[in-house]
1. Would you pick out the residues in segment 1-17 that are surrounded by 13 or more Cβ atoms within 10 Å (Cβ to Cβ) and at pLDDT below 95?
2. Give the residue, chosen from S124, S141, that is surrounded by 13 or more Cβ atoms within 10 Å (Cβ to Cβ) and assigned to a helix (DSSP H, G or I).
3. Of the residues F178, F159, which single one is in a helix (DSSP H, G or I), surrounded by 15 or more Cβ atoms within 10 Å (Cβ to Cβ) and not acidic (D, E)?
4. Only residues that are at pLDDT 80 or above and either under 25 Å from V109 (Cα atoms) or not in a strand (DSSP E or B) (or both): list them for segment 204-221, please.
5. Which of (1) under 19 Å from Y148 (Cβ atoms); (2) not in a loop (DSSP other than H, G, I, E, B) is the odd one out, the single condition F166 does not satisfy?
6. Looking at (1) surrounded by 15 or more Cβ atoms within 10 Å (Cβ to Cβ); (2) part of a strand (DSSP E or B), find the lone condition where R107 falls short.
7. From the set of residues in segment 182-203 that are under 22 Å from L130 (Cα atoms) and either at pLDDT below 95 or in contact with a Ser or Thr (Cβ under 7 Å, 6 or more places away or on another chain) (or both), which is surrounded by the fewest Cβ atoms within 10 Å (Cβ to Cβ)?
8. Can you name the residue in segment 89-104 that is in contact with a strand residue (DSSP E or B) (Cβ under 9 Å, 6 or more places away or on another chain) and part of a helix (DSSP H, G or I) and, of all such residues, is farthest from N203 (Cα to Cα)?
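The values are calculated or read from the model by the stated rules, or taken from the named source; none is laboratory data. Predicted, not measured: the structure shown is a model, and the values here were computed from it. Ideal geometry is used to build each Cβ from the backbone, glycine not excepted, and the neighbour counts take in all protein chains shown.
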Amino acid sequence: MTSAPALELNGRSDVVRVLDVGCGTGDSLNEEFQLRRRGLEHPPQMEMVGVDIDEHRLAEGRTNYPDFLFLCATGEKLPFPDESFDTVISRVAILYMDIPVALREMRRVLKVGGELRLKLHPLSFTLAELAAELRSGSLLSRMKNLIYRLYVLANGAVFHLTGTNFRFPLARDRCESFQTQSGMRRALLAAGFEQVDVSCWENQSKWPHAGNCRASARRSS
């Protein structure tokens with residue numbers, strides 16, 4: 001995947017700009033769009049932007065939501081100028097990124113006063129994934145899945161303890177971890193965010209759902 005070039009957005013100050021990092025087909029971006037318009041007789045003009053590394057899902061998003069802008073890019077290198085967005089969201093996507101790097105990028109593209117909202121994967125979800133993968137498939141596939149899930153568990157533990165991530169040694173393009181309340185709080189503060197809130201942390205997972213673990217923060221300076 002090649003990185004998208006830096007993008008100059010509409011320069012109008014009265015436009016509300018929202019970025020979804022790891023947007024997939026754009027459904028969560030559309031939910032945000034509809035939520036912001038609900039109940040308003042004269043909703044603000046909005047510019048909805050999504051980035052993802054999967055060009056096939058982005059193509060589907062462009063078809064389903066032609067008024068939104070979709071770009072192929074990583075969360076660790078967002079192709080936007082500093083202070084471009086009023087809100088950045090990422091729903092169960094940042095866990096597949098180098099979280100500290102992605103958080104610094106999200107803060108960079110947020111305007112002062114802007115809000116970041118994340119949905120995350122707790123330890124219980126990773127354990128549920130491991131259990132499900134070990135119940136099906138060939139012995140070889142189960143062994144491969146075991147090795148990968150042990151990496152995810154180790155990466156999540158490292159993130160919780162040190163605030164850093166490391167990539168899968170057998171495939172350096174992959175990075176995945178679980179998250180904890182205290183780990184996410186420290187990571188958000190370390191990235192320069194303020195008003196950090198991780199109070200919504202319902203980590204009871206029922207496969208294939210990931211519980212309801214959320215974090216929010218603001219860029220105050």
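1. S3, A4, L7, L9, V15, V16
2. One residue alone meets the criteria, S124.
3. None of the other options fit; the residue is F159.
4. Matches in segment 204-221: C213, R214, A215, S216, A217, R218, R219, S220, S221.
5. Status for F166: all satisfied but (2).
6. Condition (2) is where R107 drops out.
7. E202
8. The selected residue is V101.
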